[in-house]
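The values are calculated or read from the model by the stated rules, or taken from the named source; none is laboratory data. Fair warning: this is a prediction, and the values are worked out from it, not measured in the lab. Please note: Cβ atoms are built from the backbone with ideal geometry, for glycine as well, and neighbour counts cover all protein chains shown.
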């Protein structure tokens with residue numbers, strides 16, 4: 001048997017790794033309530049009809065060839081228009097690269113920047129691929145503290161303290177996955193200033209930018225001034241097209257400091273040929289067409305957020321900061337002497353009650369531990385059933 005490479009052995013992705021346990025139980029006839037994956041299309045949200053029709057029409061009209069490796073010009077132009085309209089950010093179509101979801105964007109950028117032992121500063125807790133891909137390419141992920149007592153806002157002094165001569169990149173995830181935090185303008189500017197002082201590449205993941213509740217999302221490039229930023233976004237969440245696997249990155253680079261970086265990404269875009277062509281045609285329609293579904297989706301999610309947050313905080317031994325964006329709650333567990341860690345808690349909940357959530361240490365072993373992440377995407381009756389089962393599980397131990 002051929003040995004696997006060390007880089008593959010190190011890959012972990014808790015969000016989907018827990019599904020393996022759930023599927024085994026399902027085979028025994030146990031009903032499972034899946035609250036692990038942030039896929040609104042798995043619940044009662046659907047891709048807007050005009051966008052679906054645009055996808056079908058693109059196929060019928062013959063858009064079934066490889067597109068430009070950077071993406072269809074029409075889509076890149078629509079992204080430029082969207083960023084100007086929504087965020088007052090000025091970029092050019094040549095600054096945009098279309099990717100197969102944000103996951104590919106993460107992979108491409110880290111592969112471009114990170115060599116062996118280079119360090120990437122990631123929020124703690126963070127979206128797991130930032131950790132996995134950094135390790136995959138020989139680098140070291142270093143988590144900076146996001147303060148739960150302060151609405152999961154990044155701790156600026158901790159960021160400063162974590163920077164070393166090996167640090168190459170600083171990641172912002174705003175709105176945040178897994179906490180649902182929304183960063184304020186002051187915090188973003190402070191992070192940008194620290195990064196500029198140490199000549200770090202700033203990556204801002206903004207895939208949930210329009211799924212916000214009480215407050216307004218602040219685009220990082222909008223407040224960056226002359227500081228260069230690489231922004232990630234896509235169509236999975238806001239446009240309810242998770243299975244299309246379509247995202248994009250753009251280089252906000254007013255002084256041309258990221259030209260070499262963009263060239264490195266474009267080389268990778270060429271060797272993987274192109275992103276899904278008919279999906280790009282439909283995504284252009286998504287950006288240029290009606291946006292009514294966004295408000296409707298947010299209103300529906302707001303009710304589910306409020307219910308979930310209230311119920312979680314009523315359970316003895318569970319506490320939860322109110323999510324301000326996205327569709328995740330990241331509650332803290334009082335493990336006591338009942339469970340040795342959050343993973344045992346999560347697997348026990350699955351086995352005894354058939355409710356699947358994700359253990360918090362899968363999002364960071366330090367800042368995510370003693371927590372779990374759950375989505376509040378399902379209808380209220382399913383959330384009620386799941387949280388009732390959670391309450392029974394906690395109180396029965």
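Okay, here's what the table says:
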item: Hey, residue 299 closer than 27 Å to residue 110 by Cβ and part of a helix (DSSP H, G or I) or not; result: no
item: Pair list, Cβ under 6 Å, 6 or more apart: the range 282-297 residue surrounded by 15 or more Cβ atoms within 10 Å (Cβ to Cβ), other residue outside any helix (DSSP H, G or I) and at pLDDT 95 or above; result: 283/235; 283/246; 286/239; 293/48; 294/210
item: Some residue of the range 368-388 being touching a residue at least 24 places away in the same chain (Cβ under 8 Å), part of a loop (DSSP other than H, G, I, E, B) and more than 25 Å from the chain's Cα centre (by Cα); result: no
item: Options 112, 126: the member that is out of contact with any strand residue (DSSP E or B) (no Cβ under 7 Å at 6 or more places or on another chain) and in contact (Cβ under 8 Å) with a residue 60 or more places away in the chain; result: 112
item: Condition met for residue 165 (in the same structural domain as residue 220 (by TED's automatic domain parsing), out of contact with any helix residue (DSSP H, G or I) (no Cβ under 9 Å at 6 or more places or on another chain), touching a residue at least 24 places away in the same chain (Cβ under 8 Å) and not in a helix (DSSP H, G or I)); result: no
item: Members of the range 54-70 found to be over 15 Å from residue 287 (Cβ atoms) and surrounded by 13 or more Cβ atoms within 10 Å (Cβ to Cβ), listed by number; result: 57, 59, 63, 67, 68, 69, 70
item: Wholly enclosed helices (runs of 4 or more DSSP H) of the range 59-139 bearing at least 3 residues within 30 Å of residue 358 (Cβ to Cβ); result: 101-113, 129-136
item: Residue in the range 192-207 that is touching a residue at least 40 places away in the same chain (Cβ under 8 Å), within 18 Å of the chain's Cα centre (by Cα) and part of a loop (DSSP other than H, G, I, E, B) present; result: yes
item: Answer residue from the range 211-243, given it is part of a helix (DSSP H, G or I) and at pLDDT 95 or above and is farthest from residue 83 (Cα to Cα) among those; result: 242
item: One residue from 101, 71, 62 being without any contact (Cβ under 8 Å) to a residue 12 or more places away in the chain and on the phi > 0 side of the Ramachandran plot; result: 62
item: Unique match (being surrounded by 24 or more Cβ atoms within 10 Å (Cβ to Cβ) and either farther than 17 Å from residue 330 by Cβ or touching a strand residue (DSSP E or B) at 6+ places or on another chain (Cβ under 9 Å) (or both)) among 161, 177, 165; result: 177
